[in-house]
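The structure appears right after this line, and notes come after that.
The values are calculated or read from the model by the stated rules, or taken from the named source; none is laboratory data. Keep in mind it's a predicted model, so treat the numbers as computed, not measured. Here Cβ is always computed from backbone atoms with ideal geometry, including for glycine, and neighbour counts include all displayed protein chains.
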Amino acid sequence: MNDGGLVIDVRPMKSVRVDPDARTVTAGAGLTCGEFDRATQQHGLALTGGRVSTTGLAGFTLGGGSGWLERAFGFACDSLLSVDLVTASGEQVTASATENPELFWALHGGGGNFGVATSFTFGLHRLGPRVHAGLMLWPGDAADEVSRGFRELALAAPNEETGAIVYLTVPDEPGMPPEMVGKMAVAVVYLYAGDAAEGAEHTKPYRALKPAADFLEDIDYADFQCSLDDPPGKYNYWSADYHDDLSDDALDVIVDSARNLPGPSSQQLIARWGGAVGGPAATATPLMNRNANWVTHPFGLGETPQGGQEAKAWVKGSARTSRRMRPAACG
Ligand SMILES: Cc1cc2nc3c(=O)[nH]c(=O)nc-3n(C[C@H](O)[C@H](O)[C@H](O)COP(=O)(O)OP(=O)(O)OC[C@H]3O[C@@H](n4cnc5c(N)ncnc54)[C@H](O)[C@@H]3O)c2cc1C
């Protein structure tokens, strides 16, 4: 929303045309990431999508588009072939590598203020429908060991392997170890962007860290993409930092901060970058810090307005501001 401006609701624009032979899709600006995945996965094709399936494809792509497939396929914007949009003067234009190329560059993460995008054409990547993905869970007292183990495994991982470590409070849901419910725990979210059986092989070193619960499985990619959808109605305050390196000291700061998560829904996440996020693509878009190795995300979620304020205070004062994090932080 904005003050004194115009908001155009593009949600009815849900057209989607997949060309399986050319491996391209032209998608209306009103699709959610989940709707987009369902259409492209019918052909075993995919684009890096948001980690929450209800996110709009348009704002997601125009902001860059970071998701679980990014180490293999880059950000969503990296797969753009063209964008149709209406400029502020009411002109209908197409932006691509050959038509309005400067505008096309700006649409690779420069945000939403260059016009109203009405449709996006992407090149797609072969994936699934089945992939090996899910999460593993350890009790909070294993956080130091698992954090260090994850760091080493993720640094050595092939580009098909993507994952994050998440510090959270175990919800009272089926399959959760009863003794861990309501307590701080550490999870590794994992997805292999390739053959599912190959992916299962690659999880062995993570499984050697002996998770207390193991929810990794062969699953449809489109189902995995909505498996972490947040419940609506929380009071959110989120942030992110980029890091070249995560020393033991930096991990200790993050784990200490995660031991004080405000409320049952807040989380602290560390995602591994590298692969197709960095490299030549890193300087080809307006996005900064693409060569960072890690992204840390404190997610403050409150159940009430007061809880929301506490979550915000935790994000602002959490690991982000510690002097001990600074040597490794790059933005
Ligand atoms: C629960 C949740 C999870 C998220 N997870 C991720 C994630 O994993 N990775 C990631 O990269 N981001 C993530 N985000 C951030 C998300 O990508 C942005 O909030 C994005 O703007 C959402 O897109 P939208 O179309 O729903 O935007 P809206 O909220 O509808 O719009 C936000 C802004 O996007 C621009 N915009 C939207 N549509 C258009 C259009 N058609 N033309 C021009 N400008 C437009 C406008 O500037 C608008 O003000 C997440 C956000 C949420 C709420």
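Descriptive notes on the structure:
- Matching residues, the range 68-85, being of a type outside the set (Phe, Trp, Tyr), near the ligand (Cβ under 10 Å from one of its atoms) and touching a residue at least 40 places away in the same chain (Cβ under 8 Å): 70, 76, 77
- The set of residues in the range 257-288 that are without any contact (Cβ under 8 Å) to a residue 60 or more places away in the chain and surrounded by fewer than 18 Cβ atoms within 10 Å (Cβ to Cβ) comprises 260, 278, 279, 280, 282, 283, 288.
- Taken over the range 289-318, residues that are under 30 Å from residue 101 (Cα atoms) and surrounded by fewer than 17 Cβ atoms within 10 Å (Cβ to Cβ) amount to 1.
- Neighbours by Cβ (under 7 Å, 6+ apart or cross-chain): first from the range 43-62, within 15 Å of residue 232 (Cβ to Cβ); second part of a loop (DSSP other than H, G, I, E, B) and more than 6 Å from the ligand (Cβ to nearest atom): 52/228; 52/229; 53/226; 53/229; 54/229
- Residue list for the range 154-196, restricted to those being among the β-branched types (Val, Ile, Thr) and surrounded by fewer than 17 Cβ atoms within 10 Å (Cβ to Cβ): 181
- Residue within the range 280-291 that is assigned by TED's automatic domain parsing to the domain that holds residue 186, β-branched (Val, Ile, Thr) and under 29 Å from residue 139 (Cβ atoms) present: no
- Enumeration of residues in the range 220-264 that are under 30 Å from residue 73 (Cα atoms) and among the hydroxyl-bearing types (Ser, Thr, Tyr): 221, 227, 237, 239, 242, 247
- When the range 86-105 is filtered for residues that are modelled with pLDDT of 95 or more, of a type in the set (A, V, I, L, M, F, W, C) and either in contact with a Ser or Thr (Cβ under 6 Å, 6 or more places away or on another chain) or surrounded by fewer than 17 Cβ atoms within 10 Å (Cβ to Cβ) (or both), the ones remaining, listed by number, are 86, 93, 97, 104, 105.
- Test: residue in the range 59-68 that is of a type in the set (S, T, N, Q) and within 23 Å of the chain's Cα centre (by Cα): yes
- Among the residues of the range 111-126, the ones that are within 15 Å of the ligand (Cβ to nearest atom) and either in contact with a Leu (Cβ under 7 Å, 6 or more places away or on another chain) or at pLDDT below 95 (or both) come to 11 in all.
- Hey, residue 117 under 22 Å from residue 32 (Cα atoms) and either in contact (Cβ under 8 Å) with a residue 24 or more places away in the chain or not β-branched (Val, Ile, Thr) (or both) or not: yes
- Residue 218 part of a strand (DSSP E or B), over 18 Å from residue 52 (Cα atoms) and among the charged types (D, E, K, R): yes
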